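Chemist: Quick one: the structure is below, questions incoming.
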Amino acid sequence: MENLKTQIVVIAGGPAGMSAAVQAAEDGADVIVIEKANITGGAANMGMGPLGIGTKYQQEQMIDITVEKAFNMFMDYTHYNVDARLIKRYFEQSGETIEWLEDMGVEFEGAFKYFPQSEATWHIVKTGNKIGPRAAGHMNKALLNKAQELGVKVLLETAGKKILKDDEGKVCGVVAVNKDGEEFTIECKAAIIATGGAGNNPELIKEEIGLEFGKDVFNFAIPGLMGDGLKMAWEAGADHLPVRIEQACDVGGGEEASASVKNVLRQPNLLVNKFGKRIMNEEFMQNTTYLSNVAMHQKDKTIYSIVDSSIVKSYIKNGVDVTSLVTPDPDVSDFNEGMEELLSKGSKNFFKADTIEELAEQIGIDPEVLAETVDDYNDYCEGRDEEFFKNYRFLRKLKKGPFYAGAFHPGGYGTVGGIRINENCECCDKDFMPIPGLYACGADSCNIYDDSYMFLLPGNSMGYAVNTGRIAGMEAAEYIED
Amino acid sequence: MENLLVVSCVSDDVKAPLSMYILRNYKADVIAGVEKYAKEFGAEILYLLPEQEEVDGLNGEIRYTKMSSPTLNNPYAVAQVLSGNLPRPMIQDDYVAIYDEKAVSVITPEAAYGMTKGFDEKFVAINSGEKTEIKKTTVGQSVGEIASVDSAKAVLLGGLKGRFVTGPEASKIKIDETENFSSITIYNEEDCIVDACVQLMNAAYENSCGKCVLCREGTSQFKQIVTEMTTGKAKMSDVDLIKEVSELITIGAYCPFGQHMTRPLTTAMELFAEEFEEHIKKKSCKCGKCYKQAELYYIDPDECIGCGECIDACPEDAIEGKDGFIHIIDQDLCEQCGKCLAACEEGCIKTATKLPKLPKKKTKCGKW
Amino acid sequence: MGKVNLIIDGKAILADESKTVLEAALDNGIYIPHLCHHDDLHPNGGCRLCVVKQDGVDGVITSCSTKVKEGMVITTKDETAEKVRKLSVDLMFKTHPSECVGCPKYGKCQLASISQYVGDSGRDLRQQKLPLIENEENPLMLHEMYRCILCGRCVRACSELRGVGALKFEKVDGRMKVVINGKSLEEAGCQFCGACVEVCPTGSIRDKVGVFKDDPGLSREMTLVPCSEGCPAHINVPKYIRFIKEGNYPAAAATVREKAPFPESLGYICVHSCELQCKRNHLDGPLSIRNLKRFAASQDDGSWKSKAFMKEATGKKVAVIGAGPAGLTAGYYLKKLGHEVTIFEKLPQAGGQMRYGIPSYRLPREVLDREIAEIESIGVEIKCNQDVKSAAELKSQGYDAVFVSVGTHAGNRLPLEGNDLPGVYLNADFLRAINLGQPREVGENVVVLGGGNVAIDCAESALRLGAKHVTMTCLEAPDKMTASEEEVTWAKEDGIVVENSRTFDAIESENGKVTGLTVTGIEGLKFGPKGPEFTRIPDSTVTFKADTIIFAVGQHPDITEEFGLELNRGRILTNDGHKTSVEGIYAAGDAVTGTRSVIAAIAEAREAVSEIDKFLGGDGNIEENLAPEQFANPCIGKNEELTKLHRNEPAVTEADSRKCNFEPMDLGFDCSKAGCEASRCLQCDLRVQISPQKFWSDFLAEEGGQQ
């Protein structure tokens, strides 16, 4: 395959990469995007929409979320352990980015919360007349069409391999591999890395984070996220920051369970650890980052949600207590079939037993301790939850066998962070000096959540990807002019 | 390439079993028609009969099938059935269906009969209640003349692809004038139209050959949604949903069956909008067919003496209460088996379709 | 075939009348979404995604089932058509898992790609998911039919393309499903050709992990034909096996000759790494590819010669040092490229390890001589008994380029005390002596150190020279020995005792005469950067009686610094393009990589030759089509025999009569056995014929993006 020449090469065509390409092309640069998969969109194909602050949707819905409020909330949440200048620039630009997307034909349903305690910053892409999964796929399509309209060349099934630097240490090219395995070089002045972290690379997760894929952490890894960009950046001299898992708790330890089974076990009932003790106010289970953090600090990094048949029956009859925009359907009528199917396959993460003691034995918890916890819990159900002050709406007694339990483990969509960047998304080396012509955006460069994903401002990871993509695109387009 | 003419006697409409009726009662005319048509392009003749049918004296090889599908007048579907597969039609410009190296074409007994006796005679099946009667009529005759429809609550003209009309309107319609249909199904006052639509949609789901997405998944969705209308799970927005989706299916489906299978439901919804609304909103059915009144059990708070007899009787242990306290039945667990009612000597367990105000918390007897 | 004018989306198009509207649009870079349509299958029309608006026709028409007609005016982006498409995608996703995360097909899935293009509408339709059950019955393919959208591509591919019909539609308790056509896989007659996997858009039927290599660096063809990929020279294995099945043996031999000039010799001694990759390993056992190649080569009638290219003289002179497999191959191709070639060989005859390493009972000499003569016949000059002291110095004698392929003719001597006693030999010297006609004498008890093919050659040769008890001992466990399986079995049949997992402690001797070898048992063997690491098993030290000890633990090139090239741990250092440290001097084969295999040496020599040719101003292309065109019939039809035929073993002279002489022992296949073995091939190359799945971004790319 013969070599190519352009001004800017964007490595990977997810939300970050495509946003960078479109922004750079709008600012007059020649751009080539190389994408490993055969469709663009990356993880965003499964997301529903980015974050936005100070948008017309929020004004219409009388939501008072300003850049100042969000910024301060964010800095408190991360106890100032992040780059405030980058956060400020990201939040300030996020409102205008929603309009930027609308100009290229993306429509939004409005601004939404993810769970009751979060802010309505999540701008879900309109899919038709109802909120549905894979909504952000439309945003990706609009980004691709806009990119091609602006003359951006998108090379699919082409993976990035190496960043080339000239003797002055400036980026001068990118080595890539096409779908027939042939290596070729793209000459360029600037390269933007946007490969979306290493969510599907167990070795790298073990090495960087020390978590064992499939034992400690169950990652609903998006195929293709292997950390190629991270390695390319580190190899080109970028500072190696800690790579972290974007926490989101996982039900069932990697076993494929039906939606109803997961939905019932995610409801805020009784949550215990391996010692049979309650571990949190289950009301906040909906924030899967908090739930994952809780699981991280328990024995074997495992916690169990327990329900009884009276709870299951009432959910089947009247739908579940708490729904979210990702699992909007309250109907869990096929819970029993789903559970039988799992148990018939000899599940190691789902349990059913006629008595609490039997359930405890199956899970490997001390039966007396669990029985005692359940009795205390049932007493709280009659009055007030003195242990964790859970809202009485979610106090349902566990009184009638058979009892069901499901194992929860820490999990995550993928990894975040690893490449040091400054507020212009320039990759920086060990002593904070930018590497001329090398930029990074999206998950690879996302060190802004410290150790826990900031779920109180939902849409944050896709918002970060799109906005840092734009920043990288602007800066790169400016850099290649001089 | 030799030609093969298949006489497909598996009627394509469950509501109008005409093919076998005509074959058996007018065999001579059918055979003559088939001969005439076969001679035109020198085709071998083969009869495709439903499994349990026995007809002798036919001028061609006989093959049996247990398949019944609305697609069995399409050559490719017939070829598939003859080679042991499920029928799947092929509507493709100049496509020739092949079965053991012969080009297949299809004729039905109705068409064969028409070849000999001309097309102004028309057979129509009249279904009312369980009875199906097949009558020979002439084109232009009005429905009212051949079936007593005036007092009918509703009439379905044409089976799974047909449309609902009111009795009086039906009686004026002339057969095969503006639209052709081969069955008239009469529904009277005590028939619940929503339940009728559930049966029709179940039949459509079974009859769908499964090749095209809109019909296969469409019938499956409609069947579930209409059934939910009779169990109180549907919402009013489902009515518009069905209308909108049917409109697109009628345009986008692959074959005539797929395009028209939504008509019975949409026309029924228009004609009997309030009956549908009653089913969805009030969750009740005046014909008593759906929502068999669910009897809910409760303990009368004024009469309960807190003796606890009912607790032991309940297999689902859905009853809570201590001595001297008013007992409460947990409606989520109660399976309406009625054992507690029998166990209570005070007779204070009663049933009703709507629950009166009941205590939520433990309260002593007499304190209510 | 008449031409028809029509307009699609305002673009005037000329298409011949046999084409459908969809084909006409796609040919002209206008993308119309389509899912159940596949270029190699007859139109289906079930998915309703390809509906378009035709002026004058109300509603929509199915573009994959409607032929083009004169004067048609088509609008693909019509509002109603888009709505129908959205509804169809919407309905498909109600029965399909809604979560793409964690799905192995993500990134290659048609449904995800089309749902991104068309955009589903998120209507309030009911979820009707299937239970999550996988079917593992098929050893090569995984059926996860809860992802199936019933497009019917697999059913059509299996019945029409392949004529097998192992899959069919069936209503299972009312719901349409794709199921195996019969009570069991055998009854359904699956031929494991993978056509269904190739056409399946959603990954409901997938290759099981490990059947194919998952390496983005490999092309599609190399990934799908594991045997050709496994062979270092990438010989087109399925093609020549198919020629054998058709009885066209010369064509088969010609196919092998396209990539390797020693087809029959390889047929005797190749390490057959192709068999390790053969897909049939997952069924009952791999094809016996080596023996098939040997049989075909033995029936070669030289018909390929008429098609071989021979460029006219370029006036350039190239010297080759070492007439082993690498040297001879390089000389052969350099000559064909028109350069004047002289091969310098230190030993009395050409052949390298094929003559002086591998014993004659493994590779008959008249086969080797015949194939070397073939190389000389095109004008390659071989000068024997020429010990070239320095490559650099040789180059200065008027050669435009030099190719070094001196191989590894010096045995490694382990630093054991007493390792230079008279009864202790090195593998290279011991075998060379036999092949030079003056074999070293061996005592009654012989112990051979090492577990590779060379060690077995030494042990078997010692047996044939009259040794009574021969023992082989090595570090590796039985399953980790580098020797080929069949050679270990033959050795054990001949009474050679193999002592695995041992480390060598010392050579016992009495007044200068070898008496035994002391070894200790080991476990947990790992080859780290600094050599083998293991733990010694306490009190498992034992001494084997031995009058003769033969070191067979590896070999190294018999050259030193003065040869004029930079070495790296005794081997010639080359960077990419087989260039040595001296400009104009190239090197390949064992001398660079250490002892590997004849086929690896040939493959590297070919690469080096094209580098040399480019260096000398040529285009470096040595590809040639020697075999006739082959029509690989995709319609393989039902064949119950396929799974019943198990691997054929070659005829071999039985142990007692073979272990006392150097006569050839592996008598290979006769034509009936070859035909029967060849018909066991699963023909993986048929799957490469199926056009790969295209995605909407491929079309748009042609339009706007990817020029």
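The values are calculated or read from the model by the stated rules, or taken from the named source; none is laboratory data. Model, not experiment: these values are computed from the prediction. Positions of Cβ are generated from backbone atoms using ideal geometry, with glycine treated the same way; all protein chains shown enter the neighbour counts.
Chemist: Being in a helix (DSSP H, G or I) and farther than 24 Å from A:Gly412 by Cβ is the requirement here; does A:Ile98 meet it? Working first, answer last.
Modeler: Working: in a helix (DSSP H, G or I): yes; farther than 24 Å from A:Gly412 by Cβ: yes.
For A:Ile98, the condition - in a helix (DSSP H, G or I) and farther than 24 Å from A:Gly412 by Cβ - is met.
Chemist: List the strands (runs of 3 or more DSSP E) inside the range A:148-192, counting only whole elements, that have at least 2 residues being more than 10 Å from every other protein chain (Cβ to nearest Cβ) and within 21 Å of A:Tyr439 (Cα to Cα). Give the steps one after another, and end with the answer.
Modeler: Details: elements: A:153-155, A:159-165, A:171-177, A:183-187.
Answer list for the range A:148-192: A:159-165, A:171-177, A:183-187.
Chemist: Can you work out which of the residues in the range B:199-248 that are acidic (Asp, Glu) and either over 28 Å from B:Leu72 (Cα atoms) or more than 8 Å from chain C (Cβ to nearest Cβ) (or both) is surrounded by the fewest Cβ atoms within 10 Å (Cβ to Cβ)?
Modeler: Filtering the range B:199-248 down to residues acidic (Asp, Glu) leaves B:206, B:217, B:228, B:238, B:240, B:244, B:247.
Filter again for either over 28 Å from B:Leu72 (Cα atoms) or more than 8 Å from chain C (Cβ to nearest Cβ) (or both), leaving B:228, B:238, B:240, B:244, B:247.
Numbers: B:Glu228: 18, B:Asp238: 20, B:Asp240: 12, B:Glu244: 15, B:Glu247: 15.
If we take residues in the range B:199-248 being acidic (Asp, Glu) and either over 28 Å from B:Leu72 (Cα atoms) or more than 8 Å from chain C (Cβ to nearest Cβ) (or both), then B:Asp240 is surrounded by the fewest Cβ atoms within 10 Å (Cβ to Cβ).
Chemist: Sticking with this structure for a sec: State which residue is nearest to the chain's Cα centre (by Cα) when the search covers only the range B:31-70 and only residues that are surrounded by 17 or more Cβ atoms within 10 Å (Cβ to Cβ) and among the aromatic types (Phe, Trp, Tyr).
Modeler: B:Tyr47
Chemist: Hey, among the residues in the range C:62-77 that are within 26 Å of C:Ser115 (Cα to Cα) and at the interface with chain B (Cβ under 10 Å from one of its Cβ atoms), which one's surrounded by the fewest Cβ atoms within 10 Å (Cβ to Cβ)?
Modeler: Step by step, filter the range C:62-77, then rank; the result is C:Ser65.
Chemist: If I go through the range C:100-131 residue by residue, how many of them are at the interface with another protein chain (Cβ under 7 Å from one of its Cβ atoms) and either closer than 20 Å to A:Asn200 by Cα or hydrophobic (A, V, I, L, M, F, W, C) (or both)?
Modeler: 9
Chemist: Cβ-Cβ distance below 7 Å, separation of 6 or more or different chains: which pairs start in the range A:437-458 with a residue that is closer than 20 Å to A:Lys88 by Cβ and end on one that is assigned to a loop (DSSP other than H, G, I, E, B) and of a type in the set (Lys, Arg)?
Modeler: A:Pro458/A:Lys113
Chemist: Taking B:Ile251, is it surrounded by fewer than 24 Cβ atoms within 10 Å (Cβ to Cβ) and within 14 Å of chain C (Cβ to nearest Cβ)? Spell out the reasoning first.
Modeler: On the way: surrounded by fewer than 24 Cβ atoms within 10 Å (Cβ to Cβ): yes; within 14 Å of chain C (Cβ to nearest Cβ): yes.
In short, yes.
Chemist: Here's something else I'd like to know. Among the residues of the range C:33-53, are any farther than 23 Å from B:Tyr76 by Cβ, part of a loop (DSSP other than H, G, I, E, B), within 12 Å of chain B (Cβ to nearest Cβ) and modelled with pLDDT under 95?
Modeler: First, the residues of the range C:33-53 that are farther than 23 Å from B:Tyr76 by Cβ: C:33, C:53.
Keeping just the survivors that are part of a loop (DSSP other than H, G, I, E, B) gives C:33.
With within 12 Å of chain B (Cβ to nearest Cβ) added as a condition, the list becomes none.
Checked against the condition, which is being farther than 23 Å from B:Tyr76 by Cβ, part of a loop (DSSP other than H, G, I, E, B), within 12 Å of chain B (Cβ to nearest Cβ) and modelled with pLDDT under 95, the range C:33-53 yields no hits at all.
Chemist: A further question follows. Are there any helices (runs of 4 or more DSSP H) wholly within the range A:330-431 with 2 or more residues that are out of contact with any Phe, Trp or Tyr (no Cβ under 9 Å at 6 or more places or on another chain), on the phi < 0 side of the Ramachandran plot and within 12 Å of another protein chain (Cβ to nearest Cβ), and if so which? Spell out the reasoning first.
Modeler: Working: elements: A:335-344, A:356-363, A:367-382.
Of the helices (runs of 4 or more DSSP H) lying wholly inside the range A:330-431, those with at least 2 residues that are out of contact with any Phe, Trp or Tyr (no Cβ under 9 Å at 6 or more places or on another chain), on the phi < 0 side of the Ramachandran plot and within 12 Å of another protein chain (Cβ to nearest Cβ) span A:335-344, A:367-382.
Chemist: Hey, which of the helices (runs of 4 or more DSSP H) in the range C:596-667, taking only ones fully inside, have at least 2 residues that are surrounded by 15 or more Cβ atoms within 10 Å (Cβ to Cβ) and in contact with a Phe, Trp or Tyr (Cβ under 7 Å, 6 or more places away or on another chain)? Let's see the steps before the verdict.
Modeler: Numbers: elements: C:598-615, C:641-644, C:655-658.
Helices (runs of 4 or more DSSP H) meeting the threshold: C:598-615.
Chemist: Looking only at residues in the range C:162-179 that are free of Cβ contacts under 8 Å to residues at least 40 places away in the same chain and under 36 Å from the mean Cα position of the chain (by Cα), which one is surrounded by the fewest Cβ atoms within 10 Å (Cβ to Cβ)?
Modeler: Here the answer is C:Val179.
Chemist: Right, another one. Considering only residues that are in contact with a helix residue (DSSP H, G or I) (Cβ under 9 Å, 6 or more places away or on another chain) and without any contact (Cβ under 8 Å) to a residue 24 or more places away in the chain, which ones fall in the range A:176-215?
Modeler: Across the range A:176-215, the qualifying residues are A:Lys179, A:Gly181, A:Glu212, A:Phe213, A:Lys215.
Chemist: Mind listing whichever residues of the range C:171-185 are part of a strand (DSSP E or B) and either modelled with pLDDT under 85 or within 12 Å of chain B (Cβ to nearest Cβ) (or both)? Write out each step before concluding.
Modeler: Pass one, the range C:171-185, residues part of a strand (DSSP E or B): C:171-172, C:175-180.
Result: C:Lys171, C:Val172, C:Arg175, C:Met176, C:Lys177, C:Val178, C:Val179.
Chemist: Further, regarding this structure: Which one of A:Ile98, A:Ile124 is closer than 30 Å to C:Asp90 by Cα, modelled with pLDDT of 90 or more and within 13 Å of chain C (Cβ to nearest Cβ)?
Modeler: Values: A:Ile98 fails: within 13 Å of chain C (Cβ to nearest Cβ).
A:Ile124 is the lone residue from the list that is closer than 30 Å to C:Asp90 by Cα, modelled with pLDDT of 90 or more and within 13 Å of chain C (Cβ to nearest Cβ).
Chemist: When the range C:2-18 is examined, which residues are found to be more than 43 Å from the chain's Cα centre (by Cα) and in a loop (DSSP other than H, G, I, E, B)? Give the steps one after another, and end with the answer.
Modeler: So in the range C:2-18, the residues more than 43 Å from the chain's Cα centre (by Cα) come out as C:2-14, C:17.
Those that are more than 43 Å from the chain's Cα centre (by Cα) and in a loop (DSSP other than H, G, I, E, B): C:Gly2, C:Asp9, C:Gly10, C:Glu17.
Chemist: So, restricting to helices (runs of 4 or more DSSP H) that lie completely within the range A:215-322, which ones have at least 2 residues that are among the basic types (Lys, Arg)?
Modeler: Details: elements: A:228-235, A:259-265, A:288-296, A:309-318.
Answer list for the range A:215-322: A:309-318.
Okay, residues lined up against (1) surrounded by 24 or more Cβ atoms within 10 Å (Cβ to Cβ); (2) assigned to a helix (DSSP H, G or I); (3) out of contact with any Pro (no Cβ under 8 Å at 6 or more places or on another chain); (4) modelled with pLDDT of 90 or more:
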residue: C:Glu187; (1), (2), (3), (4): no, yes, yes, no
residue: C:Gln191; (1), (2), (3), (4): no, no, yes, yes
residue: C:Pro201; (1), (2), (3), (4): yes, no, yes, yes
residue: C:Asp215; (1), (2), (3), (4): no, no, yes, no
residue: C:Leu218; (1), (2), (3), (4): no, no, yes, no
residue: C:Tyr240; (1), (2), (3), (4): yes, yes, yes, yes
residue: C:Thr255; (1), (2), (3), (4): yes, yes, yes, yes
residue: C:Lys259; (1), (2), (3), (4): no, no, yes, yes
residue: C:Arg280; (1), (2), (3), (4): no, yes, no, yes
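Chemist: Here are some residues: B:Lys281, B:Lys322. Which one is surrounded by fewer than 16 Cβ atoms within 10 Å (Cβ to Cβ) and within 14 Å of another protein chain (Cβ to nearest Cβ)?
Modeler: On the way: B:Lys281 fails: within 14 Å of another protein chain (Cβ to nearest Cβ).
Matching residue, one of B:Lys281, B:Lys322: B:Lys322.
Chemist: For the range C:331-365, name all the residues that are over 27 Å from C:Glu312 (Cβ atoms) and among the hydrophobic types (A, V, I, L, M, F, W, C).
Modeler: C:Leu347, C:Met354, C:Ile358, C:Leu363
Chemist: To continue, here is another question. Would you check which residues across the range C:366-400 are under 18 Å from C:Gly584 (Cβ atoms) and in a helix (DSSP H, G or I) and list them?
Modeler: Once the filter is applied, which keeps residues that are under 18 Å from C:Gly584 (Cβ atoms) and in a helix (DSSP H, G or I), the range C:366-400 yields C:Ala391, C:Ala392, C:Glu393, C:Leu394, C:Lys395.
Chemist: Of the residues B:Gly232, B:Gly210, B:Gly218, which single one is assigned to a helix (DSSP H, G or I) and among the small types (Gly, Ala, Ser)? First the steps, then the outcome.
Modeler: Working: B:Gly232 fails: assigned to a helix (DSSP H, G or I); B:Gly210 fails: assigned to a helix (DSSP H, G or I).
Only one candidate qualifies: B:Gly218.
Chemist: Looking at the range B:254-266, which of its residues are under 20 Å from B:Ser183 (Cβ atoms) and within 9 Å of chain C (Cβ to nearest Cβ)? Before you say what the answer is, go through the steps one by one.
Modeler: Pass one, the range B:254-266, residues under 20 Å from B:Ser183 (Cβ atoms): B:255-266.
Listed by number, the list holds a single entry, B:Gln259.
Chemist: To continue, here is another question. Among the residues of the range A:19-49, count how many are more than 9 Å from chain C (Cβ to nearest Cβ) and touching a Ser or Thr at 6+ places or on another chain (Cβ under 7 Å).
Modeler: 4
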